[in-house]
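Read the structure below first, then the notes.
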Amino acid sequence: MWALLVVLVAGMLTTLVWLAGRYETSEVQSRLERDTAEAVADIRAALTRNVQSLQALESGNPSRGAWLLEAQALLREHRELVRIEWRSSKLATLMSADTPYRAPVFERLGRASVHSDVSLACAAALRASGPAYSSSFFVPQADGMGIEVMELCLPLVTAGELTGYVVATYSLGEILASMLGPQLTRSQDVSFTEPDGTRLALHGSMRPGSRVFTAQQLLDLPGNTIVLRMDSWRGAPQLFPNVLTALVTAMSIALLGVLFLLGKDTRRRQRAEQDLADALAFRKAMEDSLVTGLRARDLRGHLTYVNPAFCAMVGFTPQELLGRGAPAPYWPPELADEYQKRQEIRLAGHHQPPRDGYESVFMRKDGSRFPVLIFEAPLINHEGLQTGWMSAFLDISEQRRVEELSRASQERLQATARLATVGEMASLLSHELNQPLAAISSYATGSINLLKASALAGTGESEPLADIETAMRRIAQQAERAGKVIKSVHDFVRRRDKEREAVSPQLLIDAIMPLVALQARKLGVRVDVRLGFGLPPVLCDRTMVEQVLLNLARNAMQAMDQAGVAHPSLTIEVRRADGSASWLEFSVADVGPGISEEVKRQLFTPFFTTKSEGMGLGLSLCRTVVEQHGGFLVFEPNQGRGTIFRFTLPAGSHGPAAAPP
């Protein structure tokens, strides 16, 4: 049994190898024969085109000079033509032109030596009333070599009378080199042979192989028949080592376990079938997923093409739509006249459709209407001529519904934004009210202390009462200020246009100085105020600008206190902005430790702070207020030590403001 099994496997392997070799051999031979047939067809077509070009030489009764120029141009374009002659009806040469790519072919023996071949070809051409070719013949050259040529004779007939001939001489070698593509001659050589096998011309480079494949094809020309032979230099197909290894491995695995291989093959087939089914389903899904309707119309307005998406859109079958003209079945009757006029204008070419499309209304088969977005473009054929119009349609019913939902969502978002604005306003109020409320608390505590001191002393002196009165007035001012802050922050958060007024810089400084002086005395800071001469008023929201100055001054004093500066000082300066008469510059300078690079990158970020009890909104609010006034807020190192914060505000239009008394 084992012997029989080995013999069977060996026989199968031998048979497979033999059949594979026969198959490869037949494939090579068949491919070579196809190439030969294609080469013959290419040569025949090229020769026919040359005949037409030669006939064009005599069109319009050209002069001899014009004929010579045209013939020379034709010779430059076609290397296979080595000579063109214009002969009379008696075969006398009237004009001739030789190829510029080689010496004259008949220079050595003369043209008269082949007169008989020309005569036979022209006689055959006259009998056939068309072009005729002579048998090929060998022409020696001056360099000791020679070429194989054949003659083409083309009779010239005018009004039924023979007026002459056009004789063209072909080089068979150049026919092979010029009329065949390089892909045919790269892997085989091509030659012209006589029917008996005599080789006339050869092109290509023959390479040695274990076997040469040959194919022959007749090139039947009027008056002459030659054989085109193609020889492949590739050797006979051999068995590739990887094929043999695969066969041996497959047979070995078959000997060890046929059932295992059958199961594996079955599973592989099932996977392949599943993959194929998935691929087909994917392709079908891609085709079905196209939601854009396409429609093509000819120049008369008749439908020539509709895709499934368009049919599904309007509810009509392709048979109900193709070939239909105006009015289309999907046009609403009440709009048919308008659509008819629009189509007439479009088909007449007087109006180009917009590139971004236009909206229209279509009617489904059930009578329901739906909006569509239409894109149209001219339908141009391969010759550049317009043959109709191509249109693309989008059903925008869902888009309209989504727009309505979007508007409703936008209204809900606006309501949510108003709630967020309330939270933002609460945060800003909690930050900005800290300062006036702290001042009220300080003045109230001072008043209580004065009252206690007066009660303990048991005196009714007027000086403590005057101080208490001053403190109460300050408390009232700060309470009023707190109310203004609430109103200003409320307007700021709601992004309303501020009611701005022209305010003297002196008044702005005086408004914040009590609070600045109070904290300066507490921290031991020397405050220096510098105002330029003749400054105009600033056009601003007074309360918010005062808050900006107060925030910058308090931040500067707190920074110097935290750094433990020995002699802290604060400078508040107001002057005209450099190079501008319509802007004032406010600056607050300290002699503190300055600002580190890490803090600089986040200085104006909301809720970023270096203070243990700060909220991180002060500088962010300051910059926003200044920018709303059209100015800018910047900071830079102070000369020597510390930091300077500068911001600009627009000057008012009422001239310089007088300083308060």
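Below, the figures for the structure above:
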| read-out | value |
| --- | --- |
| Strands (runs of 3 or more DSSP E) contained in the range 114-228 and holding at least 3 residues under 22 Å from Ser88 (Cα atoms) and modelled with pLDDT of 85 or more | 146-158, 161-171 |
| Criterion (of a type outside the set (Gly, Ala, Ser) and under 36 Å from the mean Cα position of the chain (by Cα)) met by exactly one of Phe375, Phe316 | Phe375 |
| Where a residue in the range 295-308 is of a type in the set (D, E, K, R) and its partner, wherever it lies, is assigned to a loop (DSSP other than H, G, I, E, B) and surrounded by fewer than 16 Cβ atoms within 10 Å (Cβ to Cβ), with Cβ under 8 Å and at least six apart | Arg300/Gly325 |
| Which listed residue is over 54 Å from the mean Cα position of the chain (by Cα) and surrounded by fewer than 22 Cβ atoms within 10 Å (Cβ to Cβ), from Val599, Val591, Val574 | Val574 |
| In the range 501-534, the residues that are crowded, with 17+ Cβ neighbours inside 10 Å and within 24 Å of Thr643 (Cβ to Cβ) | Pro505, Leu508, Ile509, Ala511, Ile512, Met513, Leu515, Val516, Gln519, Ala520, Val525, Val527 |
| Of all residues in the range 45-71 being of a type in the set (D, E, K, R) and surrounded by 14 or more Cβ atoms within 10 Å (Cβ to Cβ), the one that is farthest from Val166 (Cα to Cα) | Glu70 |
| Scope the range 155-166; condition out of contact with any Ser or Thr (no Cβ under 8 Å at 6 or more places or on another chain) and surrounded by fewer than 21 Cβ atoms within 10 Å (Cβ to Cβ); matching residues | Thr158, Ala159, Gly160, Glu161 |
| Residue in the range 548-565 that is more than 20 Å from Arg521 (Cα to Cα), touching a Leu at 6+ places or on another chain (Cβ under 9 Å) and part of a helix (DSSP H, G or I) present | yes |
| Entirely in the range 282-348, the helices (runs of 4 or more DSSP H) that have 1 or more residues that are at pLDDT 80 or above and among the acidic types (Asp, Glu) | 318-321, 336-348 |
| Long-range neighbours under 8 Å by Cβ, at least six apart or interchain, first residue over 18 Å from Arg186 (Cβ atoms) within the range 18-43, second modelled with pLDDT under 80 and part of a helix (DSSP H, G or I) | Ala20/Val243 |
| Only one of Glu627, Glu585, Glu573, Glu598 that is of a type in the set (Asp, Glu) and touching a residue at least 60 places away in the same chain (Cβ under 8 Å) | Glu585 |
| Members of the range 319-345 that are in contact with a helix residue (DSSP H, G or I) (Cβ under 6 Å, 6 or more places away or on another chain) and more than 16 Å from Gly367 (Cα to Cα) | Ala326 |
| Leu74 surrounded by 14 or more Cβ atoms within 10 Å (Cβ to Cβ), aliphatic (A, V, I, L, M) and within 25 Å of His203 (Cα to Cα) | yes |
| Considering residues of the range 605-638 that are more than 46 Å from the chain's Cα centre (by Cα) and modelled with pLDDT of 85 or more only, the residue surrounded by the fewest Cβ atoms within 10 Å (Cβ to Cβ) | Pro637 |
| Neighbours by Cβ (under 9 Å, 6+ apart or cross-chain): first from the range 319-334, closer than 20 Å to Trp389 by Cβ; second in a helix (DSSP H, G or I) and of a type in the set (Ser, Thr, Tyr) | Ala326/Tyr339; Pro327/Tyr339; Ala328/Tyr339; Trp331/Tyr339 |
| Complete set of residues in the range 96-119 that are surrounded by fewer than 17 Cβ atoms within 10 Å (Cβ to Cβ), touching a strand residue (DSSP E or B) at 6+ places or on another chain (Cβ under 9 Å) and not small (Gly, Ala, Ser) | Tyr101, Arg102, Pro104, Glu107, Arg108, Leu109 |
| Residue match in the range 139-153 (condition: surrounded by 17 or more Cβ atoms within 10 Å (Cβ to Cβ), out of contact with any helix residue (DSSP H, G or I) (no Cβ under 9 Å at 6 or more places or on another chain), in the same structural domain as Glu174 (by TED's automatic domain parsing) and of a type in the set (A, V, I, L, M, F, W, C)) | no |
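The values are calculated or read from the model by the stated rules, or taken from the named source; none is laboratory data. Please read all numbers here as calculations on a predicted model, not as lab measurements. Using ideal geometry, Cβ is built from the backbone for each residue, glycine included, and neighbour counts are taken over all protein chains shown.
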